[in-house]
Amino acid sequence: MKIHEYQAKEILRRYGVPTPEGFVTDSPAEARRHCEELGGRCVVKAQIHAGGRGKGGGVKLAGSPDEAESHAEQILGMQLVTPQTGPEGQEVRKILVESAVDIAHEIYLAVTHDRDAGQPMIMASRAGGMNIEEVAEEDPDAIVRQHFDPHLGLLPFQARAVVGGLELTGTTAKQATKLLFGLAKAYVETDSSLAEINPLLITGAGDVLALDAKMTFDDNALFRHKDIAAMRDEAEENALEVEAGKFGLNYIKLDGTIGCMVNGAGLAMATMDIIKLYGAEPANFLDVGGSASQDAVKNAFRILVSDPSVSAVMINIFGGIARTDRIARGVVGAIEELGNVTLPVVVRLEGTNVEEGRRILEEADFDFIVAGHMADAAEKAVKAVGGAPAAGGA
């Protein structure tokens, strides 16, 4: 789960991470008032679940309350496009009005999980700010890395190694070390998957501040963090993914035209791969699970066909625990309830009760395209959306 910048800063402040003073609002008039409270100079920042906001025009410096109100009017309601939103952008519903601070240097700092090491890893660079991705790609050695044991926490020698790698000295080094301990502790105790400060600001006086903050969390651990779960903003998420989550479905929206319904994550990945092999693109990842109920299948199909980018549906079921007749009844029931399904639906069933499942499809008042095996299903689905098998796909 992702949260907004202002929410991430709220959490980090609990762990002693200093941030600029700021206020959240959805009103230009309030932006003006808050700017006055901050001394007449402020930064107006769009609050969306994506980075790169500055490049997209979502972060503006205001030299007066009037200018803050004007910036707020421009930013609120805009469809902000950044490298992380995709071309469709994201509507800005809230802004953060924050005190303007003296910037001497910007640093990148984050804690994430290193799957290879099986431990949290601190990543830091003196080249912080908007172009950190380019820095990481062009000069990997500019990134300082330090693993730590989540049970022991970040140890002093590890913190010193990071701060030394950033070439910080004096009181700045002391402040950065304290901040680093707080960030690492926040990451572990909140079950984060990412805790990022970009940039970590060094002021002209040598103080350190988290000028921006991003945190994401392990959904499976949110039952331990009711306060964080309450920060969820469904308006920032894909509507179909939110709807699927209500029924316990693992659904991720993609950019293709063939909607996929599969049982099992591995088979779902293989299904997407074979669709691409045959020359088309999957419209989603959807795993209905190994023991999907008839209602879950019905809702999964309804969500699939409600996606306007879907031109055909490919159902690929291998029933071990899942019964193929239950899947078939769910799909048929969904089509009967919707009543206006005109998309081609390609179905491949194998496994438990497969003969009964196929019989249900054959007797249904809908012209299913039945496939004999996975490659056959992919070929028929690609053909249904007007494509032709790629070279070597047959």
Every residue from segment 139-194 that is under 30 Å from His225 (Cα atoms) and of a type in the set (Asp, Glu): Asp149, Glu189, Asp191
Residue that is surrounded by the most Cβ atoms within 10 Å (Cβ to Cβ), among those in segment 88-97 that are under 18 Å from Ala50 (Cβ atoms) and in contact with a strand residue (DSSP E or B) (Cβ under 7 Å, 6 or more places away or on another chain): Ile95
Any strands (runs of 3 or more DSSP E) falling wholly within segment 12-73 and containing at least 1 residues that are closer than 21 Å to Asp207 by Cβ and either of a type in the set (D, E, K, R) or free of Cβ contacts under 8 Å to residues at least 12 places away in the same chain (or both): 42-46
Residue within segment 272-282 that is more than 14 Å from the chain's Cα centre (by Cα) and closer than 20 Å to Ala328 by Cβ present: no
Hits in segment 161-194 (condition: in a helix (DSSP H, G or I) and over 32 Å from the mean Cα position of the chain (by Cα)): Gly164, Gly170, Thr171, Thr172, Ala173, Lys174
Among (1) assigned to a loop (DSSP other than H, G, I, E, B); (2) within 18 Å of the chain's Cα centre (by Cα), the one test that Ala127 misses: (2)
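Values quoted throughout were computed directly from the atomic coordinates according to the rules given, and no laboratory measurement underlies them. Here the structure is a predicted model, which means the values were calculated and not measured. Cβ coordinates were reconstructed from backbone atoms using ideal geometry, including for glycine residues, and neighbour counts include every protein chain displayed.
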